Amino acid sequence: MDGNQMLTAGLFLAVVALTIFITFRASRNTSGTTDFYAGGRSFSGFQNGLAIGGDYMSAASFLGISGLIALSGYDGFLYSIGFLVAWLVALLLVAEVLRNSGRYTMADQLAYRMRQRPVRTAAAASTVVVSIFYLLAQMVGAGALVTLLLGVESEALKNLTIAVVGLLMIFYVTVGGMKGTTWVQIVKAVLLMIGSALIVILVLAQFDFNLSDLLGSAAANSGKDGFLDPGLKYGEDTTSKLNFVSLGLALVLGTAGLPHILIRFYTVPTSRDARKSVLWAIGLIGAFYLMTLVLGFGAAALLDTGLGSDVQTSGGNLASPLLAEEVGGGPDTVGGAVLLAVIAAVAFATILAVVAGLTLTSSASVAHDLYNSVFRKGAASEKQELKVARIAAGVIGVIAIALAIPAQKLNVAFLVALAFAIAASANLPSIIYNMFWRRFNTRGAVWSIYGGLISSVGLVFFSPVVSGKLNADGSNAALLPKSVDFSWFPLENPGIVSIPLAFFLGWLGTVTSREPAAEERYTELEVRALTGAGAEGAVQH
Amino acid sequence: MTSTHDQADRHNPVYDHLHATPEFQELRSRYRGFVFPATVAFLIWYLLYVVLSMWAHDFMSHRLVGNINVALVFGILQFVTTFLIAWVYSNYSNKHLDPLARKLNDDYESQRGI
């Protein structure tokens, strides 16, 4: 190991040590379920806004989007826009009403007026599936990062990294619960904003802060026609255009259906704090995505992104760290090595914070919805429920490790977009119907959740992503070997079909059944959602 | 016990009472009157951007200043409108929603024991 690699390894270890320290501190005042699942509901709007930013600005954003812009130019920017505009759905329709009507999980607000067991089972299933897809993306990013830094193309090393990330996330969640997870996310959000701003300033300085010059150099250096115009990645034919629209829909409607984002609204004392946290998050996330634009075009302008380059072979995932090395002085300089190490450590912190949030969310849903409500009919003690939550975190961690290893050649932003499509299809329709439609009932919710979940996952399975996709040079771009091709769904993103289908099934299930109790209790749900009357309060320690 | 868990029992009647008050009806119509049109507006604005990006290639590729084209400006405008809607909603709810919600919550606190 040379000096640069020692530095990198040292910074990685420092990040890990910091997060472990935070987790142990948080574990000291985590006792009951409200602490474990919702951080005692004692975070301020600003703190939670930072934590939401930390939860949301994942490896997909930092590594994936800048990589897509570096490789495909303008088309990568769509991700940034969809990811940001989506927050308006969360702000206007979801955050406050959810805070007032639920306790710990996404299923709570459905269970408030419906038959608990079917809706909790359905919501837990979709929570776990969405979270696992999202986890895969983060772990793939972690594997790519470590390989780059140690300069060895070793499958064993990548797999080891994935396993270590998995073990760390199990540790954060089982020991620190929501408080530990939240503080890890807050620290990460601050590190990520500072790290990105630093690189952005250094990139812009090379172009005398002239954005037009930066864009011009990016277009010239990329060697691709129309690099600054929409359509390079998606504009070839009608299928790829529809693919783009499908992706756009999934992005804008997915955020407010992501379980790990939804449960963050429970960590504040009131719905007004939930609103404030979303406002802070919008400011932070918006600023960050504007920076990814500079990172992506900066990488296109200053790095080699042609066939066979490090940026291209990593699916774009390494564009940001390599850009940091370049603006620090280039490879084989001290400045380059230091900046590369710093940015890689920030990216690693990013990944750790997001995986912790995802693991917590799935384990909360398994313990609270499935174990306590469905299996034990609400009779489990807090202690039993927490024990199950911790075991579930371990099991989910192991599953994620096992699935991440074969998924490594997929772009992380693309993987996250799939998670968004599933969330928009399986979760958002029932959340919206439940809050705004008195007639909505158990059958509608169950049909909508399973319909959205099965159709979105099923369409991806029969899409070119899984089988039959080729790169421009004829090499295999699908998950399965080239010899297998059973794809029949032409789009890579299922949103354009599965989202409307889930809304339709929610309507159909509702109008074909009657559930007077659900309609009656809507009165209570609505009063509580809009006024906060009777909502869960903060824990006093 | 089982039925209680399967679907929670009929609730405290104070909610029916609050639901029927003119204040609640006003709160509800103010809330829906803002969020429904705003949601429709920003979704149409966003989808317009998505569709133009794909099917109005020449318009979006038109250079405005230097290498800055319509597509980039359109994208940045999506950021601007997002910030703007968030800011307007925040002011609107502080001024028109929160006072009513607080009053109803106070009523709930004083009536729930009855």
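Please specify each residue of segment A:38-71 satisfying the condition of being of a type in the set (Ser, Thr, Tyr) and either under 23 Å from A:Leu91 (Cα atoms) or surrounded by fewer than 24 Cβ atoms within 10 Å (Cβ to Cβ) (or both).
Across segment A:38-71, the qualifying residues are A:Ser42, A:Ser44, A:Tyr56, A:Ser58, A:Ser61.
Would you check if A:Ala404 is among the small types (Gly, Ala, Ser), more than 16 Å from A:Ser362 (Cα to Cα) and buried (at least 24 other Cβ atoms within 10 Å of the Cβ)?
It is true that A:Ala404 is among the small types (Gly, Ala, Ser), more than 16 Å from A:Ser362 (Cα to Cα) and buried (at least 24 other Cβ atoms within 10 Å of the Cβ).
Having 3 or more residues that are buried (at least 22 other Cβ atoms within 10 Å of the Cβ), touching a strand residue (DSSP E or B) at 6+ places or on another chain (Cβ under 8 Å) and of a type in the set (A, V, I, L, M) is the bar; report the helices (runs of 4 or more DSSP H) wholly within segment A:151-255 that clear it.
Correct list: empty, since no element meets the threshold.
Against the definition (out of contact with any Gly (no Cβ under 7 Å at 6 or more places or on another chain) and in a helix (DSSP H, G or I)), how does A:Ala529 come out, yes or no?
So A:Ala529 passes the test.
Which of the residues belonging to segment B:36-48 are in contact (Cβ under 8 Å) with a residue 24 or more places away in the chain and either within 7 Å of another protein chain (Cβ to nearest Cβ) or polar (S, T, N, Q) (or both)?
Result: B:Ala38, B:Phe42, B:Tyr46.
Look at segment A:357-382 and say how many of its residues are of a type in the set (Asp, Glu) and either closer than 12 Å to A:Thr33 by Cα or in contact with a strand residue (DSSP E or B) (Cβ under 6 Å, 6 or more places away or on another chain) (or both).
Summing the residues that are of a type in the set (Asp, Glu) and either closer than 12 Å to A:Thr33 by Cα or in contact with a strand residue (DSSP E or B) (Cβ under 6 Å, 6 or more places away or on another chain) (or both) in segment A:357-382 gives 1.
Being among the hydroxyl-bearing types (Ser, Thr, Tyr) and over 25 Å from A:Ile162 (Cβ atoms): is that true of A:Thr359 here?
no
Considering only residues of segment A:258-274 that are closer than 29 Å to A:Leu453 by Cβ and within 14 Å of chain B (Cβ to nearest Cβ), which is modelled with the highest pLDDT?
Checked segment A:258-274; the qualifying residue modelled with the highest pLDDT is A:Ala274.
Any idea how many residues of segment B:56-98 are part of a helix (DSSP H, G or I), over 30 Å from A:Leu93 (Cα atoms) and facing chain A (nearest Cβ under 7 Å)?
The total comes to 3.
Results for (1) surrounded by fewer than 24 Cβ atoms within 10 Å (Cβ to Cβ); (2) within 28 Å of the chain's Cα centre (by Cα); (3) within 14 Å of chain B (Cβ to nearest Cβ), shown as yes or no for each residue.
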| residue | (1), (2), (3) |
| --- | --- |
| A:Trp437 | yes, no, yes |
| A:Gly444 | no, yes, no |
| A:Gly468 | yes, yes, no |
| A:Ala478 | yes, yes, no |
| A:Thr510 | yes, no, no |
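Could you check, for segment A:121-130, whether at least one of its residues is more than 12 Å from A:Leu258 (Cα to Cα) and within 11 Å of another protein chain (Cβ to nearest Cβ)?
No, that holds for no residue.
Any idea which of (1) within 9 Å of chain A (Cβ to nearest Cβ); (2) at pLDDT 90 or above; (3) buried (at least 18 other Cβ atoms within 10 Å of the Cβ); (4) closer than 20 Å to A:Gly73 by Cα is the one B:Leu27 doesn't satisfy?
The one condition B:Leu27 does not meet is (4).
A:Ala9 fails exactly one of the following numbered conditions: (1) at pLDDT below 90; (2) crowded, with 20+ Cβ neighbours inside 10 Å; (3) of a type in the set (A, V, I, L, M, F, W, C). What is the number of that condition?
(2)
The values are calculated or read from the model by the stated rules, or taken from the named source; none is laboratory data. It should be emphasised that the depicted structure is a prediction, and the values quoted were computed from it without experimental measurement. Positions of Cβ are backbone-derived with ideal geometry, glycine not excepted, and every protein chain shown enters the neighbour counts.
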